[in-house]
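Q: A single structure is presented below for examination.
We did not get these values from a lab; they are worked out from the coordinates using the rules stated. Keep in mind that this is a model prediction, so the values were computed, not measured. Please note: Cβ atoms are built from the backbone with ideal geometry, for glycine as well, and neighbour counts cover all protein chains shown.
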Amino acid sequence: MLRRHRQIKMQIQQLLDAIIFAFSFWFAWQLRADAEIIAWLGLEAVSPFQAFFLLYIALIPGGPLVLEAQGFYDRPLLAPRRSTAWPLFKGCFFTAIGLILFLFFFRLDLARSVTVLFGFISFVLIFAKEEILRFGLRSKFARTQFERRFILVGTGEETARMRQQLRARPEDGMVVLAELDLNVKSVEELSHLLHEHSVNGVILNARHNYFEQVENAIKTCELEGVEVWLIADFFKTQISHTSFDDFQGRPVMVFSTTPGASWQSVIKQVFDVVVAFVAVVVGSPVFVIIGSLIKLNSPGPILFRQQRCGLNGQPFTILKFRTMETNAEQRQAELAAMNEMSGPVFKITNDPRITSIGRFLRKFSLDELPQLFNVLRGEMSMVGPRPLPVDEVKRFDDFAHRRRLSVKPGLTCLWQISGRNNVSDFRDWVRLDLEYIDNWSLWLDVKILWRTIPIVLIGTGAR
């Protein structure tokens, strides 16, 4: 199924789910505000529904966005019920948590039972909607209305692979009525097949050495008014995923190894700014205390500034609380023999340049707190590969390691929560960063942040 078709279906699903979320909140409030229920259970009266209008407006688009972040709309419509129930449960749960945070920040007084009822009702209603859709799509009427008929054109091997892929997804409703092997028959045969079969479209799948025949097949379909889908995987890539766009009106194939622009990436940016801002405001007394301790402990500036490589290698100035003597960078050369990390990175467990207060700050990762300002400036993210000094990046002996620069660096990452004291090979560090890039999702960010909290609190993993 084409992406535009999937997007239309997803948008319809999101619209239905937005209506269900809106109804669920209203119904949950109605149940809690019912006079008979209040009298029966001896509850207090609740605020009028108009008091939560702003929350109600934010909930309508927010619920489907949370479901999308959980991959709810990525699954097939006829997916197993388990594949529907689990992301739906997570989506409803996190939406309810979002309601609680919204109520807290805007100081709205809403009974806790309304939030619990909302989460339960929305889960039941959306799951019921999915069951109705499942029943409808399996009906004979749906199969006849939504079935799409195609002719496959390409080499025998390519059409066989495409036919197998289509049969593996019967829920897409795509049926192959005929095939044309370009190794056996000429493109002129396509006209006869179009006349013989009433098809919705032609799927072309051929390598670059068949470009002339592909062009003729497209012209034939143009004359007949038949839609053509060209499988444009002419170039075999190992990592990149391919997307299509247009550049000044001309079609473009885009090869990218990083997550593309999406609502998840937008939410990640907003999340970074909000969390960093709240952390700076709440932690401002801690900043003052740490700064005072550093000043009293050793002469020199409170903050340590260093050029690090950011997104795509763009240098930026990272901020940290100073944990070393002021001449630490000058002494690094004499300590080179003590380096415990292979590759271009310099790491020592008991670094003699670290001050007494600096050792404490590093143990609990408090020296990293000023990087919240780097996040606010858009130079870093809350989660992402740790930024390395510019001179260390220049010493990369494997250019593939530079792919870790294809996303914004972060305050924490998979390396941070995977026992970084036990990682002594830089290649293992890079492997964890690339694993993060290749499998990125908002849910992965949440899990990394959640696992970072106990590591910071008990002071493990820091060096």
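Q: Quick check: from the Cα gyration tensor, does region 147-234 come out rounded (a/c under 1.5), prolate or oblate?
A: Because a/c hits 1.5 or more and a/b fails to exceed b/c, region 147-234 counts as oblate.
Q: Then there's this: Just to confirm the filter: which trypsin sites (Lys or Arg not before Pro) across region 217-273 are DSSP coil and have at most 16 other Cβ within 10 angstrom of their Cβ?
A: When the trypsin sites (Lys or Arg not before Pro) of region 217-273 are filtered for loop state and at most 16 Cβ neighbours within 10 Å, LYS236 remain.
Q: Using modelled backbone amide H atoms (1.01 Å from N, in-plane), which distant-in-sequence or interchain residues come within less than 5 Å of GLN306's amide H?
A: Result for GLN306 returns ILE318.
Q: By how many degrees, between 0 and 90 and to the nearest 10, does the Cα long axis of helix 263-297 differ from the longest principal axis of the chain?
A: It works out to around 10 degrees.
Q: From the C-alpha gyration tensor of region 263-458, pull out the three semi-axes of the equivalent ellipsoid (sqrt of 5λ each), sorted largest to smallest, in whole Å. Could the numbers behind the result be given before it?
A: Details: eigenvalues 124, 101, 46 Å².
Gyration-tensor ellipsoid for region 263-458: 25, 22, 15 Å.
Q: Note down the relative contact order for the chain as a percent, whole number, built from C-alpha pairs under 8 angstrom at least six residues apart.
A: 10 percent
Q: Here is a further query. List the residues whose amide H sits under 5 Å from the amide H of LEU230, counting only those 5 or more places along or on another chain, with H placed 1.01 Å from N in the peptide plane.
A: LEU204
Q: Continuing with the same structure: Please report GLU44, GLU222 as a ranked list, fewest other C-beta atoms within 10 angstrom at the top and most at the bottom.
A: By the 10 Å Cβ count, ascending, the order reads GLU44, GLU222.
Q: Separate question: Counting only helical runs of four or more DSSP H residues, what would the 222 nm mean residue ellipticity of the chain come to if each run contributes -39,500 (n - 2.57) and the total is spread over all its residues?
A: Numbers: 17 runs with 239 residues, N = 463.
Rounded to the nearest 500, it is -16500 deg cm²/dmol.
Q: Same structure, new question: Hey, what angle do you get for helix 53-69 against the long axis of the chain, alpha-carbon based, 0 to 90 degrees rounded to 10?
A: For 53-69 against the chain, the angle is about 70 degrees.
Q: Here is a follow-up. Going by how many other Cβ atoms sit within 10 Å of their own, how do LEU293, LEU180, LEU230 line up, fewest first? Working shown, then result.
A: On the way: LEU293 18, LEU180 21, LEU230 15.
Lowest to highest Cβ neighbour count: LEU230, LEU293, LEU180.
Q: Here's another thing I want to ask about it. How far is helix 3-33 tilted off the main Cα axis of the chain, in degrees rounded to 10, range 0 to 90?
A: In the chain, helix 3-33 runs at an angle near 60 degrees to the longest axis.
Q: Still on this model: Going by how many other beta carbons lie within 10 Å of each one, how would you line up HIS197, HIS401, fewest first?
A: HIS197, HIS401
Q: If a/c stays under 1.5 just call it rounded; otherwise compare a/b with b/c (prolate if a/b is bigger, oblate if not). Do that for region 3-140, with a ≥ b ≥ c from the square roots of the Cα gyration tensor eigenvalues. Walk me through the numbers before you get to the answer.
A: Values: a/c = 2.48, a/b = 1.84, b/c = 1.35.
It comes out prolate by the Cα gyration axes.
Q: Would you list, by chain and number, the lysines whose Cα falls below 30 Å from the Cα of LYS394, excluding same-chain residues fewer than 8 positions away?
A: LYS236, LYS268, LYS320, LYS347, LYS363, LYS408
Q: Whole angstrom only: what separates the Cα centroid of region 1-63 from the Cα centroid of region 159-177?
A: Cα centres, region 1-63 to region 159-177: 39 Å.
Q: Taking only C-alpha pairs under 8 Å that are 6+ residues apart, what is the relative contact order of region 3-140 in percent?
A: 31 percent
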